[in-house]
Amino acid sequence: MSTQADNKILFLCTGNYYRSRFAQHLFNALANNKGLNWQAESRGLAIERGFNNIGAISPHAIKGLRERGLSVPADERLPLQATDADFAIANKVIVLDEEEHHPIMLERFPQWIEKVEYWMVHDLDKITPVIALRQIEHNLIQLIDLL
């Protein structure tokens, strides 16, 4: 989106490479299409744990976005580590997998634990990208309808 939105949503996963990046890009496209005054950012709770994360964004996220008619900018940024400032400016924070990420939240960001909403979208070790991205898309559509 080219304009600054008043409302910020923050999507979090472990490495800010796959699930949260897909959610960020798809949310921004859906919100823009609906004319909502919301913009998404994404971060990783523990980007150092993303040992297979090569490049700016997961090929699975790129493929999923392309299948939905979206593209990733050529200058796509590298994964970013979440900071207290990210939580502070977000109106809404969604963590992609409660089972995986709640312990990291307790370890690194316990002061923000009450601000987050958890989804249950597992990583590649538990479900395929097709299923995970479909779950994220379904959750995003429901979220957009609520906003």
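Just so it is clear, none of the values below were taken in a lab; they were calculated from the coordinates. Here the structure is a predicted model, which is why all the values come from computation and not from measurement. Using ideal geometry, Cβ is built from the backbone for each residue, glycine included, and neighbour counts are taken over all protein chains shown.
Things worth noting here:
- Within the option set Ala5, Ala61, Ala40, being without any contact (Cβ under 8 Å) to a residue 40 or more places away in the chain, out of contact with any His (no Cβ under 6 Å at 6 or more places or on another chain) and buried (at least 22 other Cβ atoms within 10 Å of the Cβ) holds for one residue only, Ala40.
- Filter result for the condition that a residue is more than 14 Å from His60 (Cβ to Cβ), in contact with a Leu (Cβ under 7 Å, 6 or more places away or on another chain) and not basic (Lys, Arg), over Trp119, Trp112: Trp119
- Note on region 107-147: residues that are under 14 Å from the mean Cα position of the chain (by Cα), of a type in the set (D, E, K, R), under 14 Å from Phe11 (Cα atoms) and assigned to a helix (DSSP H, G or I) amount to 1.
- Condition check for Glu67: closer than 24 Å to Ile104 by Cβ and among the acidic types (Asp, Glu): no
- Residue ID - nearest to Ala132 (Cα to Cα), chosen from residues in region 64-83 that are small (Gly, Ala, Ser) and crowded, with 20+ Cβ neighbours inside 10 Å: Gly64
- For Asn16, the requirement of being at positive phi, buried (at least 18 other Cβ atoms within 10 Å of the Cβ) and of a type outside the set (Asp, Glu) is met.
- For beta carbons closer than 6 Å, sequence separation of 6+ or different chains, a first residue in region 75-94 that is touching a residue at least 24 places away in the same chain (Cβ under 8 Å) and a second that is exposed (fewer than 14 other Cβ atoms within 10 Å of the Cβ) and part of a strand (DSSP E or B), the qualifying pairs are Ile94/Glu117.
- Number of the condition not met by Leu106 [criteria: (1) touching a helix residue (DSSP H, G or I) at 6+ places or on another chain (Cβ under 9 Å); (2) without any contact (Cβ under 8 Å) to a residue 60 or more places away in the chain; (3) surrounded by 11 or more Cβ atoms within 10 Å (Cβ to Cβ); (4) not small (Gly, Ala, Ser)]: (3)
- Ala56 fulfils the conditions (1) touching a Pro at 6+ places or on another chain (Cβ under 9 Å); (2) of a type outside the set (S, T, N, Q); (3) within 13 Å of Ala23 (Cα to Cα) except for a single criterion, (3).
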